[in-house]
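Take a look at the structure below.
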Amino acid sequence: MADLPFELGTGLDEQLARILDVEGKIPRAIEALGPVEGRDVVVVDAPAGLRARQLESLGARVTVVDSGGSTPFAAPDASADVVVGLWSTFRGAVADEIAQASRVLRPGGRLLAVHDYGRDDVSEIRGPQPEYGPWTRRDGPFLRDGFKIRVLHCWWTFASTDEARTFLESAFGDAGRAVADRLTRPRLSYNVAVYHRTLNEEPA
């Protein structure tokens, strides 16, 4: 699921992957905050698909691992320069997952967690989510634990308002229809948070 913020089902997932962040702001932010070019990057809970390909196109050496099972984060100790979680992991800066990331990262390695931020058209469709409020606050699970945050102002971009309406109604029913009825252009605002911090810092 980590290629996308949530699962919609056959066909709709493929369409969401096509319309989400066509400007490529998410991979560019990962590069800026990593960086990932020329580095060993572990991506957690992602298929070997869109996001892995995007990072590889930026010059990363990508390994995909699972967060669960008997061998979570199945990568050797101190084997990565950057660990990236996309939507389905680090859900609230979970301590056990951060510990696994720390184990996998080399000294001075970077941990990046990508989540929805809210305050946009998409959040009006989905309704209340922890990502949209508690996680973004100074006393929330990320910022109080040493993470910094970068907010990306992205878009879901469609070929036409008719395509947008058809997709939103099919994917989200009445909630999607209500947002579609207000559209004056074929795109929805979509804000993404990248929580980032350095782990295993070497003494000065």
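The values are calculated or read from the model by the stated rules, or taken from the named source; none is laboratory data. Not measured: the values here are computed from a predicted model. We place every Cβ from the backbone using ideal geometry, glycine too, and count neighbours over all the protein chains shown.
Things worth noting here:
- Pair list, Cβ under 9 Å, 6 or more apart: the stretch 177-204 residue in a loop (DSSP other than H, G, I, E, B), other residue of a type in the set (S, T, N, Q): 183/161; 184/161; 185/161; 186/157; 186/160; 186/161; 199/102; 200/102
- Residues of the stretch 180-200 satisfying the condition of being within 14 Å of residue 158 (Cβ to Cβ) and in contact with a Phe, Trp or Tyr (Cβ under 8 Å, 6 or more places away or on another chain): 186, 187, 188, 189, 190
- Among the criteria (1) over 14 Å from residue 103 (Cα atoms); (2) surrounded by fewer than 18 Cβ atoms within 10 Å (Cβ to Cβ), the one residue 43 does not fulfil is (2).
- The one condition in (1) of a type in the set (A, V, I, L, M, F, W, C); (2) modelled with pLDDT under 95; (3) part of a strand (DSSP E or B) that residue 84 fails to fulfil: (2)
- Hits in the stretch 36-65 (condition: more than 12 Å from residue 86 (Cα to Cα), touching a residue at least 40 places away in the same chain (Cβ under 8 Å) and touching a Gly at 6+ places or on another chain (Cβ under 9 Å)): 36, 39, 41
- Test: residue 137 is under 19 Å from the mean Cα position of the chain (by Cα) and more than 18 Å from residue 19 (Cβ to Cβ): yes
- Flag for residue 128 being surrounded by 18 or more Cβ atoms within 10 Å (Cβ to Cβ) and assigned to a loop (DSSP other than H, G, I, E, B): no
- Which numbered condition residue 110 misses (of (1) crowded, with 21+ Cβ neighbours inside 10 Å; (2) free of Cβ contacts under 8 Å to residues at least 40 places away in the same chain; (3) of a type in the set (Lys, Arg)): (2)
- For the stretch 87-113, the set of residues classified as out of contact with any Lys or Arg (no Cβ under 9 Å at 6 or more places or on another chain), in a strand (DSSP E or B) and not small (Gly, Ala, Ser) consists of 105, 106, 107, listed by residue number.
- Only one entry in 92, 108 is within 15 Å of the chain's Cα centre (by Cα) and not hydroxyl-bearing (Ser, Thr, Tyr), namely 92.
- Residue tally, condition over 27 Å from residue 21 (Cα atoms) and either exposed (fewer than 15 other Cβ atoms within 10 Å of the Cβ) or in contact with an Asp or Glu (Cβ under 7 Å, 6 or more places away or on another chain) (or both), over the stretch 79-101: 4
- Every residue from the stretch 131-173 that is surrounded by fewer than 19 Cβ atoms within 10 Å (Cβ to Cβ) and in a strand (DSSP E or B): 148, 149, 150, 151, 152, 153, 157
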